[in-house]
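Q: After the C-alpha coordinates below, expect a handful of questions from me.
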Amino acid sequence: MELSRVNPKAALDYVEQSAELRRALGFGDEQAVNATLLAWQGTPSTVVEQITHAIHEAGWGGISRMALGAIAINEIAAGSYESAFERLTPLVRHPFLQASFHHLPEYVEGAVRSGNRAAAEWALDRIQVYADASGSVVARALFTRSLALLSDDAGAEHHFADAVAQFPSTHRGDAARTRLLYGEWLRRVRRRSDARWQLEQALRDFEAVGATTFAERARREILAAGGSVPSDSAPVDPLSNQERQVALLAARGATNAEIAASMFISPNTVDYHLRKVFRKLGISSRRQLADRFAEG
(Lines give C-alpha, C1' and ligand atoms only; values in the text may rest on other atoms or scores of the structure.)
Protein backbone atom coordinates (compact mmCIF):
# COMPACT_ATOMS: atom_id res chain seq x y z
CA MET A 1 0.00 0.00 0.00
CA GLU A 2 2.71 2.50 0.95
CA LEU A 3 4.63 1.81 -2.24
CA SER A 4 1.50 2.52 -4.27
CA ARG A 5 1.45 5.89 -2.46
CA VAL A 6 5.11 6.50 -3.44
CA ASN A 7 6.39 6.14 0.14
CA PRO A 8 9.28 3.63 0.16
CA LYS A 9 10.43 4.74 3.62
CA ALA A 10 7.09 3.91 5.25
CA ALA A 11 6.97 0.61 3.33
CA LEU A 12 10.41 -0.35 4.66
CA ASP A 13 9.30 0.44 8.21
CA TYR A 14 6.33 -1.91 7.82
CA VAL A 15 8.56 -4.65 6.41
CA GLU A 16 10.82 -4.24 9.45
CA GLN A 17 7.83 -4.47 11.78
CA SER A 18 6.68 -7.63 10.02
CA ALA A 19 10.13 -9.18 10.37
CA GLU A 20 10.18 -8.21 14.04
CA LEU A 21 6.84 -9.94 14.60
CA ARG A 22 8.03 -13.11 12.86
CA ARG A 23 11.15 -13.20 15.04
CA ALA A 24 9.07 -12.68 18.17
CA LEU A 25 6.97 -15.69 17.15
CA GLY A 26 10.08 -17.80 16.64
CA PHE A 27 10.38 -17.57 12.84
CA GLY A 28 13.76 -15.93 12.41
CA ASP A 29 14.43 -16.81 8.77
CA GLU A 30 13.12 -14.63 5.98
CA GLN A 31 10.57 -16.56 3.92
CA ALA A 32 10.07 -14.08 1.10
CA VAL A 33 11.77 -11.24 -0.77
CA ASN A 34 9.87 -8.05 -1.48
CA ALA A 35 10.91 -7.47 -5.08
CA THR A 36 8.84 -4.29 -5.35
CA LEU A 37 10.70 -2.70 -2.45
CA LEU A 38 14.02 -3.83 -3.92
CA ALA A 39 13.18 -1.94 -7.12
CA TRP A 40 12.46 1.23 -5.13
CA GLN A 41 15.71 0.81 -3.20
CA GLY A 42 17.76 0.93 -6.39
CA THR A 43 18.51 -2.76 -6.88
CA PRO A 44 19.54 -3.32 -10.54
CA SER A 45 16.49 -4.05 -12.66
CA THR A 46 18.01 -7.29 -14.01
CA VAL A 47 18.19 -8.66 -10.45
CA VAL A 48 14.63 -7.56 -9.65
CA GLU A 49 13.42 -9.11 -12.91
CA GLN A 50 15.00 -12.46 -12.02
CA ILE A 51 13.37 -12.44 -8.59
CA THR A 52 10.07 -11.35 -10.11
CA HIS A 53 10.19 -14.21 -12.63
CA ALA A 54 10.64 -16.68 -9.76
CA ILE A 55 7.70 -15.12 -7.90
CA HIS A 56 5.54 -15.38 -11.01
CA GLU A 57 6.50 -19.01 -11.56
CA ALA A 58 5.51 -19.72 -7.96
CA GLY A 59 2.00 -18.54 -8.80
CA TRP A 60 2.00 -15.04 -7.32
CA GLY A 61 0.84 -13.14 -10.40
CA GLY A 62 -0.32 -9.97 -8.66
CA ILE A 63 2.89 -9.62 -6.65
CA SER A 64 5.08 -10.12 -9.71
CA ARG A 65 3.11 -7.49 -11.62
CA MET A 66 3.53 -4.96 -8.85
CA ALA A 67 7.28 -5.59 -8.91
CA LEU A 68 7.44 -5.04 -12.67
CA GLY A 69 5.40 -1.89 -12.19
CA ALA A 70 7.91 -0.66 -9.61
CA ILE A 71 10.75 -1.15 -12.08
CA ALA A 72 8.78 0.86 -14.64
CA ILE A 73 8.07 3.68 -12.17
CA ASN A 74 11.75 4.03 -11.42
CA GLU A 75 12.50 3.96 -15.15
CA ILE A 76 10.09 6.89 -15.48
CA ALA A 77 11.89 8.67 -12.65
CA ALA A 78 15.18 8.18 -14.49
CA GLY A 79 13.74 9.40 -17.79
CA SER A 80 13.68 5.99 -19.52
CA TYR A 81 10.16 6.53 -20.81
CA GLU A 82 10.20 4.16 -23.79
CA SER A 83 11.42 1.28 -21.64
CA ALA A 84 8.77 2.02 -19.01
CA PHE A 85 6.06 2.21 -21.67
CA GLU A 86 7.02 -1.15 -23.12
CA ARG A 87 7.22 -2.76 -19.66
CA LEU A 88 3.81 -1.43 -18.62
CA THR A 89 1.96 -2.21 -21.84
CA PRO A 90 1.24 -5.90 -21.15
CA LEU A 91 0.32 -5.07 -17.54
CA VAL A 92 -2.39 -2.58 -18.44
CA ARG A 93 -3.62 -4.28 -21.61
CA HIS A 94 -4.16 -7.57 -19.75
CA PRO A 95 -5.49 -6.51 -16.33
CA PHE A 96 -4.98 -8.57 -13.21
CA LEU A 97 -7.47 -7.68 -10.47
CA GLN A 98 -6.23 -5.06 -7.97
CA ALA A 99 -2.70 -5.04 -9.32
CA SER A 100 -3.52 -3.18 -12.52
CA PHE A 101 -5.18 0.18 -11.77
CA HIS A 102 -2.05 1.61 -10.16
CA HIS A 103 -0.17 1.09 -13.43
CA LEU A 104 -2.51 3.23 -15.54
CA PRO A 105 -1.23 6.69 -14.44
CA GLU A 106 2.34 5.47 -14.94
CA TYR A 107 1.35 4.21 -18.37
CA VAL A 108 -0.02 7.64 -19.29
CA GLU A 109 3.23 9.36 -18.32
CA GLY A 110 5.41 6.79 -20.06
CA ALA A 111 3.24 6.92 -23.18
CA VAL A 112 3.09 10.73 -23.38
CA ARG A 113 6.84 11.13 -22.89
CA SER A 114 7.68 8.43 -25.42
CA GLY A 115 5.39 9.79 -28.15
CA ASN A 116 2.58 7.23 -27.82
CA ARG A 117 -0.32 9.65 -27.39
CA ALA A 118 -3.07 7.28 -28.54
CA ALA A 119 -2.08 4.77 -25.85
CA ALA A 120 -2.04 7.56 -23.26
CA GLU A 121 -5.55 8.67 -24.23
CA TRP A 122 -6.82 5.09 -23.99
CA ALA A 123 -5.36 4.76 -20.47
CA LEU A 124 -6.77 8.15 -19.45
CA ASP A 125 -10.28 6.90 -20.35
CA ARG A 126 -9.74 3.83 -18.17
CA ILE A 127 -8.67 5.98 -15.21
CA GLN A 128 -11.75 8.17 -15.63
CA VAL A 129 -14.05 5.14 -15.65
CA TYR A 130 -12.49 3.90 -12.43
CA ALA A 131 -12.57 7.32 -10.77
CA ASP A 132 -16.24 7.86 -11.68
CA ALA A 133 -17.27 4.39 -10.54
CA SER A 134 -15.32 4.35 -7.28
CA GLY A 135 -15.68 7.95 -6.17
CA SER A 136 -12.09 7.72 -4.92
CA VAL A 137 -10.42 11.08 -4.23
CA VAL A 138 -7.04 9.60 -5.08
CA ALA A 139 -8.28 8.12 -8.36
CA ARG A 140 -9.72 11.51 -9.27
CA ALA A 141 -6.40 13.21 -8.48
CA LEU A 142 -4.49 10.68 -10.60
CA PHE A 143 -6.95 11.25 -13.44
CA THR A 144 -6.48 15.02 -13.17
CA ARG A 145 -2.69 14.69 -13.21
CA SER A 146 -2.85 12.41 -16.22
CA LEU A 147 -5.21 14.82 -17.96
CA ALA A 148 -2.68 17.61 -17.41
CA LEU A 149 -0.03 15.60 -19.25
CA LEU A 150 -2.32 15.36 -22.27
CA SER A 151 -3.57 18.97 -22.18
CA ASP A 152 -2.35 21.96 -24.15
CA ASP A 153 -0.70 24.81 -22.28
CA ALA A 154 -4.03 26.54 -21.67
CA GLY A 155 -5.34 23.63 -19.64
CA ALA A 156 -2.24 21.99 -18.23
CA GLU A 157 -1.57 24.49 -15.45
CA HIS A 158 -5.12 24.32 -14.12
CA HIS A 159 -5.09 20.52 -14.05
CA PHE A 160 -1.66 20.26 -12.41
CA ALA A 161 -2.62 22.71 -9.66
CA ASP A 162 -5.95 20.97 -9.19
CA ALA A 163 -4.31 17.55 -8.90
CA VAL A 164 -1.81 18.77 -6.27
CA ALA A 165 -4.71 20.08 -4.16
CA GLN A 166 -6.74 16.87 -4.52
CA PHE A 167 -4.22 14.41 -3.09
CA PRO A 168 -4.81 13.71 0.61
CA SER A 169 -1.95 13.99 3.09
CA THR A 170 -1.54 10.20 3.05
CA HIS A 171 -0.37 10.47 -0.57
CA ARG A 172 2.53 12.86 -0.09
CA GLY A 173 4.66 11.03 -2.67
CA ASP A 174 1.95 11.21 -5.34
CA ALA A 175 1.51 14.93 -4.67
CA ALA A 176 5.28 15.37 -4.99
CA ARG A 177 5.27 13.58 -8.35
CA THR A 178 2.56 15.97 -9.50
CA ARG A 179 4.60 18.98 -8.35
CA LEU A 180 7.59 17.57 -10.23
CA LEU A 181 5.60 17.33 -13.46
CA TYR A 182 4.10 20.77 -12.83
CA GLY A 183 7.54 22.24 -12.25
CA GLU A 184 8.88 20.65 -15.43
CA TRP A 185 5.98 22.13 -17.37
CA LEU A 186 6.54 25.58 -15.83
CA ARG A 187 10.21 25.45 -16.80
CA ARG A 188 9.28 24.51 -20.35
CA VAL A 189 7.04 27.58 -20.65
CA ARG A 190 9.90 29.72 -19.23
CA ARG A 191 8.34 30.46 -15.83
CA ARG A 192 11.51 29.51 -14.06
CA SER A 193 10.81 31.11 -10.69
CA ASP A 194 7.44 29.34 -10.39
CA ALA A 195 9.07 26.13 -11.58
CA ARG A 196 11.76 26.27 -8.90
CA TRP A 197 9.17 26.68 -6.16
CA GLN A 198 7.22 23.59 -7.25
CA LEU A 199 10.40 21.57 -7.76
CA GLU A 200 11.82 22.48 -4.36
CA GLN A 201 8.58 21.41 -2.68
CA ALA A 202 8.72 18.14 -4.63
CA LEU A 203 12.34 17.54 -3.63
CA ARG A 204 11.55 18.10 0.04
CA ASP A 205 8.74 15.54 -0.08
CA PHE A 206 10.69 12.99 -2.14
CA GLU A 207 13.48 13.06 0.41
CA ALA A 208 10.97 12.66 3.25
CA VAL A 209 9.40 9.52 1.75
CA GLY A 210 12.65 7.98 0.51
CA ALA A 211 11.91 8.22 -3.23
CA THR A 212 15.58 8.64 -4.13
CA THR A 213 15.37 8.36 -7.92
CA PHE A 214 12.61 10.97 -8.11
CA ALA A 215 14.58 13.19 -5.71
CA GLU A 216 17.55 13.07 -8.08
CA ARG A 217 15.31 14.03 -10.98
CA ALA A 218 13.93 16.96 -8.96
CA ARG A 219 17.47 18.14 -8.19
CA ARG A 220 18.38 18.07 -11.87
CA GLU A 221 15.26 20.04 -12.75
CA ILE A 222 15.98 22.67 -10.08
CA LEU A 223 19.44 23.19 -11.55
CA ALA A 224 18.01 23.35 -15.08
CA ALA A 225 15.56 26.00 -13.86
CA GLY A 226 18.46 28.15 -12.72
CA GLY A 227 18.27 27.30 -9.04
CA SER A 228 20.49 25.48 -6.61
CA VAL A 229 19.72 22.45 -4.50
CA PRO A 230 18.61 23.72 -1.07
CA SER A 231 21.41 23.65 1.47
CA ASP A 232 19.26 21.67 3.89
CA SER A 233 18.68 18.96 1.30
CA ALA A 234 20.18 15.80 2.75
CA PRO A 235 20.47 12.15 1.68
CA VAL A 236 17.63 9.87 2.75
CA ASP A 237 18.32 8.17 6.09
CA PRO A 238 19.32 4.57 5.24
CA LEU A 239 18.18 3.31 8.64
CA SER A 240 14.66 2.33 9.58
CA ASN A 241 13.17 3.91 12.70
CA GLN A 242 13.91 0.88 14.86
CA GLU A 243 17.44 0.48 13.46
CA ARG A 244 18.15 4.11 14.34
CA GLN A 245 16.86 3.67 17.89
CA VAL A 246 19.07 0.59 18.39
CA ALA A 247 22.06 2.36 16.85
CA LEU A 248 21.68 5.44 19.05
CA LEU A 249 21.52 3.36 22.22
CA ALA A 250 24.51 1.26 21.17
CA ALA A 251 26.48 4.40 20.27
CA ARG A 252 25.86 5.67 23.81
CA GLY A 253 27.39 2.50 25.26
CA ALA A 254 24.31 0.39 26.05
CA THR A 255 24.74 -3.38 25.88
CA ASN A 256 22.49 -5.60 23.78
CA ALA A 257 20.65 -6.71 26.91
CA GLU A 258 20.13 -3.11 28.02
CA ILE A 259 18.89 -2.10 24.58
CA ALA A 260 16.53 -5.09 24.50
CA ALA A 261 15.10 -4.21 27.90
CA SER A 262 14.56 -0.55 27.05
CA MET A 263 12.91 -1.30 23.69
CA PHE A 264 10.97 -4.41 24.80
CA ILE A 265 12.59 -6.63 22.19
CA SER A 266 14.86 -9.66 22.43
CA PRO A 267 18.70 -9.46 22.54
CA ASN A 268 18.75 -11.54 19.33
CA THR A 269 16.64 -8.88 17.63
CA VAL A 270 19.04 -6.19 18.84
CA ASP A 271 21.93 -8.15 17.34
CA TYR A 272 19.99 -8.54 14.08
CA HIS A 273 19.39 -4.78 13.85
CA LEU A 274 22.99 -3.90 14.70
CA ARG A 275 24.31 -6.17 11.96
CA LYS A 276 22.05 -4.38 9.48
CA VAL A 277 23.15 -0.98 10.81
CA PHE A 278 26.82 -1.89 10.41
CA ARG A 279 26.23 -3.09 6.85
CA LYS A 280 24.22 -0.03 5.83
CA LEU A 281 26.70 2.42 7.35
CA GLY A 282 29.78 0.55 6.14
CA ILE A 283 31.27 0.09 9.63
CA SER A 284 32.31 -2.93 11.68
CA SER A 285 32.44 -1.95 15.35
CA ARG A 286 30.58 -0.11 18.09
CA ARG A 287 33.47 2.35 18.36
CA GLN A 288 32.92 3.35 14.73
CA LEU A 289 29.19 3.56 15.43
CA ALA A 290 29.83 5.94 18.34
CA ASP A 291 32.11 8.04 16.14
CA ARG A 292 29.52 8.16 13.37
CA PHE A 293 26.76 9.39 15.67
CA ALA A 294 29.09 11.84 17.37
CA GLU A 295 29.73 13.36 13.93
CA GLY A 296 25.98 13.61 13.28
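Q: Take the conditions of a type in the set (A, V, I, L, M), in contact (Cβ under 8 Å) with a residue 12 or more places away in the chain, in the same structural domain as V164 (by TED's automatic domain parsing) and touching a Phe, Trp or Tyr at 6+ places or on another chain (Cβ under 8 Å) and apply them to A218. Does it pass?
A: The answer is yes for A218.
Q: Which condition breaks for V164 when tested against (1) assigned to a helix (DSSP H, G or I); (2) closer than 18 Å to Y81 by Cα?
A: Among (1) assigned to a helix (DSSP H, G or I); (2) closer than 18 Å to Y81 by Cα, V164 violates only (2).
Q: Which residues, counting only those in segment 25-53, are modelled with pLDDT of 70 or more, hydrophobic (A, V, I, L, M, F, W, C) and either in a loop (DSSP other than H, G, I, E, B) or exposed (fewer than 13 other Cβ atoms within 10 Å of the Cβ) (or both)?
A: Correct list: V47 only.
Q: Give, as residue ranges, the helices (runs of 4 or more DSSP H) completely inside segment 192-296 that count at least 1 residues that are under 18 Å from the mean Cα position of the chain (by Cα) and among the hydroxyl-bearing types (S, T, Y).
A: The helices (runs of 4 or more DSSP H) meeting that bar are 212-224.
Q: Now a separate question. If T52 meets every condition in (1) among the polar types (S, T, N, Q); (2) closer than 26 Å to E221 by Cβ; (3) touching a residue at least 12 places away in the same chain (Cβ under 8 Å) apart from one, which number is that one?
A: So T52 meets the others, but not (2).
Q: Of the numbered conditions (1) surrounded by fewer than 17 Cβ atoms within 10 Å (Cβ to Cβ); (2) part of a loop (DSSP other than H, G, I, E, B), F101 satisfies every one except a single condition; which is it?
A: Every listed condition holds for F101 apart from (1).
The values are calculated or read from the model by the stated rules, or taken from the named source; none is laboratory data. The shown structure was predicted, so the numbers you read here are calculated from the model rather than taken from an experiment. Because the Cβ atoms are built from the backbone with ideal geometry, glycine has one as well, and the counts that use them run over all protein chains shown.
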